[in-house]
Structure formats: C-alpha cells, structure tokens
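So the structure is just underneath, and the comments pick up after that.
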Amino acid sequence: MSPDAATSRQLTPSAPIPVWPRYALPAFATLAALNLIFEAAGPRIGFDLTKPLLMPLLAAALLAQGRPTPPLLLGALLGSTIGDTMLLFGGTWFLVGMAGFAATHLCYITLFGRCGVRRDRRRTMAAGALLYGVVWIVLIDNLLPGVAPGMRIPITGYSLLLIFMGIHAFAGDRRTRIGGALFVLSDSMIAGGLAHWHMPRGTGFAVMATYILGQYLLVSGLMNLSISAGRRPRRPGP
C-alpha cells in the first residue's frame, strides 16, 4: 500500500455507530417496570398496552448485542408476544395465547438440545426430571378438579411442555435454571386462577414479575449456551 493510500484510509471517517443498541436493554427494563407499576396501581389500559411490547423489546436488546442470534430464540419471543397479546382476551383467544406459549417452549426445548444439554448433561437432566416430575404431579392433581372440563386437555398438554422446558432449563446453566423455574411458577399461578384457587392480593404482580425475569434469564442464558456450543469442536460421527 502506498503512503498516500494509507493516509487517505486513515482520514476516511468510519461509519457512525448506531445509538439504539446502547438503549435497547434499558428500554426493556423501563417498559418492564412500567408494566409492573400499571399491574399494581393501574390504569389497566397502561398494562394492556405495555404487555405486548415486552418480548419485542427483549428481542431488540438481544439483536443489539451484535452477536449471531439463534432464530429459535427469536421464534420463542415471537410465540411469547402472541401469548402475551392473546391472554389479554378471554374465550377462544386464551387458547390461542396458550398455543403461542406452547410454541415458545418448543423453541426453547429444541435450542437446549442443539446446545448439547441432552447429550452432555444427562445426570443433571435426570435430577431435573425427578424434581419437575413431582411438581407436575402435584400441580395437575390440584388443578384439574377445579378447571372447566373443556380446558382440561389443553392445560394438561401445555403443562407437559412447560415442565419439559423446565427440565431442559435445569440442565442448562444457572441463569436458565432460575429462569425456567420462574416461568413455571408464573404459569402455575395463572393456572391456579383458572382452577378458582383462592389467590392472595398481588398475585397478578407476582405473575408478571416472575414471567419477565424468567424470560430475561432464559434468553440471556440460552444465548450464552449457544455461543459456547458454537465454539466447541464437533464430535466425530460413528
């Protein structure tokens, strides 16, 4: 390279760095705080408007990191956005929301598998299966008697996917372990409302707080697991 070319290259201004990535995660945290305030103190319209925007902002924060983002992770957040929106309504729309979250769990489960969790952490998965198996039996035994007959099959099927996701999250890392448990807890409280359990005051706040934190921990933990899995050398086939 000639001296003139080198000088010209040094004087060429670099492309401006976008500002929005810096604010994506703080924007998600701010929206989450607003959503929780609206849940606790109202108005209800504030809660209804902020809830469907939570997971899209989390996806934006994920993309803002500038690292390759697994499409399954974005698919999980899309399913959650559908679920968050549809669960604001009743009747058939509630079932559509359940289907959205079922798709979320399928995306998470598949991504955990691609990160090598089922292959490399079998003992931890077995421990998680034992723990969550007990949780599922106790939960279903107490839920189904109080649930409308038409909801029993959807709730049973969804709960199996939820628990299966929790088992995989347990075998991931510390973030996914806590995140999966919080997601299971959040959905269990929602199910308790469907079964007409006596729910203490502030349950709605607890549902959203555990859900938001659980999703953040699952997404950030799975992102780290995915990056680590990409760095590991592939095992030779048989």
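The values are calculated or read from the model by the stated rules, or taken from the named source; none is laboratory data. Note that the structure is a prediction, hence the values are computed from the model and not measured. Note that each Cβ is placed from the backbone with ideal geometry, even for glycine, and that neighbours are counted across all protein chains shown.
Within the stretch 195-213, the set of residues being more than 21 Å from Val134 (Cα to Cα), touching a residue at least 24 places away in the same chain (Cβ under 8 Å) and surrounded by fewer than 18 Cβ atoms within 10 Å (Cβ to Cβ) comprises His196, Gly202, Gly204, Phe205, Leu213.
This table checks each residue for (1) more than 26 Å from Leu160 (Cα to Cα); (2) at pLDDT below 95; (3) surrounded by fewer than 19 Cβ atoms within 10 Å (Cβ to Cβ).
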{"position": "Thr30", "(1), (2), (3)": "yes, no, yes"}
{"position": "Ile37", "(1), (2), (3)": "yes, no, yes"}
{"position": "Thr69", "(1), (2), (3)": "yes, yes, yes"}
{"position": "Asp84", "(1), (2), (3)": "no, no, no"}
{"position": "Leu88", "(1), (2), (3)": "no, yes, yes"}
{"position": "Thr104", "(1), (2), (3)": "no, no, no"}
{"position": "Cys107", "(1), (2), (3)": "no, no, no"}
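Got a number for residues in the stretch 57-73 being polar (S, T, N, Q) and either free of Cβ contacts under 8 Å to residues at least 60 places away in the same chain or in contact with a Leu (Cβ under 8 Å, 6 or more places away or on another chain) (or both)? The number of residues fulfilling the criteria is 1.
Condition check ((1) surrounded by 15 or more Cβ atoms within 10 Å (Cβ to Cβ); (2) out of contact with any helix residue (DSSP H, G or I) (no Cβ under 7 Å at 6 or more places or on another chain); (3) assigned to a helix (DSSP H, G or I)) across all residues:
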| position | (1), (2), (3) |
| --- | --- |
| Val138 | no, yes, yes |
| Tyr158 | yes, no, yes |
| Met165 | yes, no, yes |
| Gly172 | yes, no, no |
